[in-house]
Amino acid sequence: MHFSSAQRLYSTSPLVPCYTLEVKIQVLARKYNKLCDELAELIRKKNAPRGAVVPLYIDMETLFKLDVDDDIWQDVGLTDDIDTLHSIPSWLGDENVRQGIKALLELD
């Protein structure tokens, strides 16, 4: 039976591809959090668009232990300048609705 070098690598080190993927995801999450910091600084200096909101940070400790109702799935701050209060769906733009959805999901 003939094995390619890739097959030998995967058969002898099954964690190598998974580890590499985890590292790549962590790098992306850190870049995202850094962008959130930069946006927070722009807002603090009043250099961000009016109404800009810093999206929720990705918690690096729980990144690979996600649940369906974790904050990472929330779209806070991901609307653009042309959105109006009336065009933003309530699940996205109304904090009371967002809290109600979370409370309802916790009951289930």
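Side notes on the structure shown:
- So Lys102, is it modelled with pLDDT of 85 or more and exposed (fewer than 10 other Cβ atoms within 10 Å of the Cβ): no
- Among all residues of segment 6-19, there is at least one that is of a type in the set (Lys, Arg) and modelled with pLDDT under 75.
- Within segment 42-63, the set of residues being surrounded by 12 or more Cβ atoms within 10 Å (Cβ to Cβ) and outside any loop (DSSP other than H, G, I, E, B) comprises Leu42, Ile43.
- Scanning segment 64-98 for residues that are outside any loop (DSSP other than H, G, I, E, B) and modelled with pLDDT of 80 or more yields Glu95, Asn96, Val97, Arg98.
The values are calculated or read from the model by the stated rules, or taken from the named source; none is laboratory data. Being a predicted model, the structure only gives us computed values, none of them experimental. As a convention, Cβ positions derive from the backbone with ideal geometry for all residues, glycine included, and neighbour counts pool all protein chains shown.
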